[in-house]
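Data first, discussion second: the structure below is written as structure tokens.
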Amino acid sequence: MSSASLSNIHLVTIALGNLDGHEKPVDSEDVAVHVNELAPGKFTWRKYPEYIDLQVVNQSLQDARRERNGSLVTGSSSKGWMLSADGMEWFKNFDAESRVDASDDIQLRRGSILRSQDMERRRLKSTVAYELFCEGRLVDVTRNDFFEFAKVNEYFPLKARSRRYHFIESAVVGHDKLRELWASLSTAFSKEFE
């Protein structure tokens with residue numbers, strides 16, 4: 001499948017994935033530059049094709065955020081954009097064979113996302129909270145155990161915590177024990193999300 005046959009929604013999702021949008025918010029302008037590399041001319045002005053149309057890129061990101069389009073991204077033009085858990089799953093599962101044709105090769109960095117999520121899952125499984133959860137002692141998990149699990153502390157600004165929580169949510173997708181533990185911790189320590 002060539003970039004010409006991919007929707008704008010999928011192209012901006014690929015750009016976010018390539019720009020580490022699974023770990024940190026990415027500015028719309030960075031997405032615009034990268035998506036123009038992936039699909040030259042598809043996001044440019046009609047009359048002046050040497051210029052990227054940021055409005056089209058932002059609209060595509062907003063469309064990718066909509067539930068009816070799969071809720072592939074989260075964020076905004078002012079705060080930056082990230083892949084949602086669904087977006088990360090789509091990005092990881094995007095079939096590498098179907099995206100290549102003789103004249104058009106979209107490069108994905110799925111390996112980096114898979115690697116960072118795998119490392120995060122290993123880290124989560126090495127925490128006291130995970131150990132207590134596996135022993136059926138979830139009630140014994142302390143606030144400090146939660147901080148260790150989430151890799152935050154009381155001094156983290158809410159924005160930084162939200163990024164960490166978002167990364168954990170995406171890392172636990174498809175891993176029942178970790179997902180169940182994260183859901184339980186999110187409820188038990190809901191004040192840490194405010």
* Structure fact -> For the chain, the charge dipole (Cβ of Lys, Arg +1; Cβ of Asp, Glu -1; about the Cα centre) points to a positive end, and the Cα of Asn93, Ala39, Asn69 closest to that extreme belongs to Asn69
* For the chain, with a Gaussian network of springs between Cα atoms less than 10 Å apart, report the residue from Leu178, Leu158, Leu124 with the top mean-square fluctuation. => Leu158
* Distance histogram in 5 Å bins (all Cα pairs of the range 1-97, percent per bin) -> 3, 15, 28, 26, 18, 7, 2, 0
* Surface per residue (accessible, 1.4 Å probe) for the chain, Å² -> 54 Å²
* Asked: Looking only at Lys159, Lys42, Lys24, which one moves most when the chain is put into a Gaussian network model with springs between Cα atoms under 10 Å?
  -> Lys159
* For Val73, enumerate residues with amide H under 5 Å from its amide H, sequence gap 5+ or separate chain, H modeled in the peptide plane. => Arg65, Ser84
* Heavy atoms only, probe 1.4 Å: what % of the accessible area of the chain goes to carbon and sulfur, would you let me know? => 50 percent
* Structure fact -> The farthest towards the positive end of the charge dipole of the chain, of the residues Ser60, Ala129, His175, given +1 on Cβ of Lys and Arg and -1 on Cβ of Asp and Glu, is Ala129
* Structure fact -> Straight-line reach check, Lys191, cutoff 13 Å on alpha carbons, 8 or more apart in-chain or any other chain, hits among aspartates and glutamates -> Glu154
* Structure fact -> A convex hull over the alpha carbons of the chain yields, per residue, a volume in Å³ of 119 Å³
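Assigning unit charges at the beta carbon (Lys, Arg +1; Asp, Glu -1) and nothing else, what dipole magnitude in debye, to the nearest 20, does the chain show about its Cα centre? Before the final figure, lay out each step's value.
On the way: 27 positive and 30 negative charges, 61 e Å.
Using only the charged Cβ atoms, the result is roughly 300 debye.
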* Structure fact -> Relative contact order in percent for the range 1-66 (Cα pairs under 8 Å, 6+ apart) equals 36 percent
* Asked: So which residue, out of Ile168, Ile14, Ile52, gets the largest mean-square fluctuation from a GNM of the chain using Cα contacts under 10 Å as springs?
  -> Ile52
* Asked: Hey, what do the phi angles of the range 17-30 turn into as Karplus ³J(HN,Hα) couplings, whole Hz, using 6.51/-1.76/1.60 and θ = phi - 60°, x for Gly and Pro?
  -> x, 5, 9, 6, x, 7, 10, 8, x, 10, 5, 4, 5, 5
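The values are calculated or read from the model by the stated rules, or taken from the named source; none is laboratory data. What you see is a predicted model, and the numbers here were worked out from it, not measured in a lab. Glycine also receives a Cβ, built like all others from the backbone with ideal geometry; neighbour counts cover every protein chain displayed. Quick note on the areas: whole protein, heavy atoms, side chains included, nothing else; ligands and nucleic acids left out. Shrake-Rupley method; radii C 1.70, N 1.55, O 1.52, S 1.80 Å.
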